[in-house]
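Notes follow the structure.
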Amino acid sequence: MNRVVAHLLTRLYPRDWRERYGVEFEALLQNGPGDLRTSANVLWSALREHIFPTRGGNVDQPINSFGAIIKRPSAFLPLAMSLTALAMLGGAYIFGLATGHGGLVREPDEGAIAHLWQLLMAGQLPVLAFFAIKWLPRAPRQTLCVLALQAGAALASMAPVFFLNL
Amino acid sequence: MIEDIARLCGTRLGPGTLYGAIARLEQLGWIAPLPPEERRRPYRITAEGLHVLRAKLKTLQQFTKAGLRRLEAL
């Protein structure tokens, strides 16, 4: 197989895996055939490694700990989105108070902040679903803790909308 | 290794499948890496791996025997 193609295919694997097997795997690819079947096999295996990582054979690494899971983009993105939505409402409230409108007022056409809030809250649903599907079977207790945090952040962001009738 | 498996089983593994298996076997502690030979890295079977392999082959042997007996009775 062509060296560049072998390198690019190896790059499809997660970093942990590459650090452990990258050099030998790339050498194996270079010595093997460069047909479509081989490329498809590597593509599929790389995708599988992303979904079900073997962690490069390092069994001692606690990747299922709460600290490790919360660092996953699918764990912290919904949290960040909820907190951003809440911060937006807070900012608008303070701006309303400062300009003498008496905090947040309900606009007939909902306004830009309302649309952004809706986008942030609805946009996190597929990320939440992905996170739950991926992590619940692997680390149920830690995943439930993260899901509880995400739900708390979402509720905190929704609370002003309900209580202030926005 | 791919050629060896192809000769033994008649199935040619893709490199991704092979390394998926190697990573899992190593994670389970059934194989261990030997010092690298240039860019190649050979592996050896561990004592635990031997134990598991023996047990698996024994089960397969029993399964094959039972299957053949039933086929002969047909």
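The values are calculated or read from the model by the stated rules, or taken from the named source; none is laboratory data. From a predicted model like this one, the values you see are computed outputs, not experimental measurements. Ideal geometry is used to build each Cβ from the backbone, glycine not excepted, and the neighbour counts take in all protein chains shown. Note: areas computed on protein heavy atoms with side chains; ligands, DNA, RNA excluded. Shrake-Rupley method; radii C 1.70, N 1.55, O 1.52, S 1.80 Å.
Taken over segment A:24-43, the criterion of being within 7 Å of chain B (Cβ to nearest Cβ) and of a type in the set (S, T, Y) is satisfied by A:T38 alone. Of the numbered criteria (1) open to solvent by less than 80 Å² (accessible area, probe 1.4 Å); (2) part of a helix (DSSP H, G or I); (3) in contact (Cβ under 8 Å) with a residue 12 or more places away in the chain, the one B:L50 fails is (3). Just one residue in the set A:P126, A:P62, A:P78 is loosely packed, with under 12 Cβ neighbours inside 10 Å, farther than 19 Å from A:F162 by Cα and at pLDDT 90 or above; that residue is A:P126. What number of residues in segment A:157-166 are touching a residue at least 40 places away in the same chain (Cβ under 8 Å) and open to solvent by 40 Å² or more (accessible area, probe 1.4 Å)? So the answer is 3. Among the residues of segment A:1-40, those that are under 22 Å from B:E37 (Cβ atoms), open to solvent by 20 Å² or more (accessible area, probe 1.4 Å) and not in a loop (DSSP other than H, G, I, E, B) comprise A:R3, A:H7, A:R18, A:E19, A:R20, A:V23, A:E26, A:L28, A:Q30, A:N31.
If you go through segment A:136-150 and keep only what is more than 15 Å from the chain's Cα centre (by Cα) and surrounded by 13 or more Cβ atoms within 10 Å (Cβ to Cβ), you end up with A:R138, A:A139, A:Q142, A:L144, A:C145. Within segment B:1-45, restricting attention to residues that are aliphatic (A, V, I, L, M) and part of a strand (DSSP E or B), the residue that is farthest from the other protein chains (Cβ to nearest Cβ) is B:I45. Quick check: anything in segment A:69-81 within 14 Å of chain B (Cβ to nearest Cβ) and in a helix (DSSP H, G or I)? Checked against the condition, which is being within 14 Å of chain B (Cβ to nearest Cβ) and in a helix (DSSP H, G or I), segment A:69-81 yields no hits at all. Of the set (1) at pLDDT 80 or above; (2) over 29 Å from the mean Cα position of the chain (by Cα); (3) away from chain B (no Cβ under 14 Å), all apply to A:H101 but (1). Scanning segment A:65-75 for residues that are open to solvent by 30 Å² or more (accessible area, probe 1.4 Å) and not aliphatic (A, V, I, L, M) turns up A:S65, A:F66, A:G67, A:K71, A:R72, A:P73.
Residue by residue through segment A:114-156, note down the ones that are in contact (Cβ under 8 Å) with a residue 12 or more places away in the chain, basic (K, R) and in a helix (DSSP H, G or I). A:K134 - this is the single residue of segment A:114-156 that is in contact (Cβ under 8 Å) with a residue 12 or more places away in the chain, basic (K, R) and in a helix (DSSP H, G or I). In summary, A:L89 fulfils each of the numbered conditions (1) under 22 Å from the mean Cα position of the chain (by Cα); (2) under 28 Å from A:A122 (Cα atoms) with the single exception of condition (1).
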